[in-house]
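Heads up: the structure comes next, in C-alpha cells.
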Amino acid sequence: CSLPDTLNSWFLVAQLHVWMCLVRMRQEGREGKFMCRYIVHSMWEDVEQRSKIMGKIQDGAADGSLRAFFACFVVLSATIRWSLSAEQNF
C-alpha cells in the first residue's frame, strides 16, 4: 500500500472498514442499529485520540478539524453507497 502515514490516510481506510461493518450490522434489526451507533461513536473517539497522539489537531482547532473529518465521512459514505447502487444498474 502506498498511502502516506498520516491521520487522513488512516481515516480513509478506517472509514471504509466502518462502512462495511455498518452495512452488515444494518441487516441485524434493532440490535444492529444499536451496534451501528456504537461503531460510529467508537470511530469518532478513535479519531479524536489519534489526532491528539499524532499532534495534528490542537485543542483549539479540534472542532474545525473534526467537522472536516465528519464532512468527509458523510460524503464518502454517500459516494460509496451511490457507486454500489449504480453498479447494480449495469
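The values are calculated or read from the model by the stated rules, or taken from the named source; none is laboratory data. Bear in mind the structure is a predicted one, so any value in this text is a computation, not a measurement. Neighbour counts run over all protein chains shown; Cβ positions are idealised from the backbone, glycine included. These accessible areas exclude ligands, DNA and RNA; they are computed on the full protein's heavy atoms, side chains included. Shrake-Rupley method; radii C 1.70, N 1.55, O 1.52, S 1.80 Å.
General remarks:
- Members of region 1-20 that are closer than 14 Å to Arg81 by Cβ and either exposed (fewer than 15 other Cβ atoms within 10 Å of the Cβ) or touching a Leu at 6+ places or on another chain (Cβ under 9 Å) (or both): Gln15, Leu16, Trp19, Met20
- Note on region 4-56: residues that are of a type in the set (Val, Ile, Thr), in a helix (DSSP H, G or I) and more than 17 Å from Ser77 (Cβ to Cβ) total 1.
- Search result, residues across region 26-43 that are open to solvent by less than 50 Å² (accessible area, probe 1.4 Å) and hydrophobic (A, V, I, L, M, F, W, C): Cys36, Ile39, Val40, Met43
- Looking only at residues of region 54-80 that are at pLDDT below 70, open to solvent by 60 Å² or more (accessible area, probe 1.4 Å) and out of contact with any Ser or Thr (no Cβ under 8 Å at 6 or more places or on another chain), we find that the one that is nearest to Leu22 (Cα to Cα) is Asp63.
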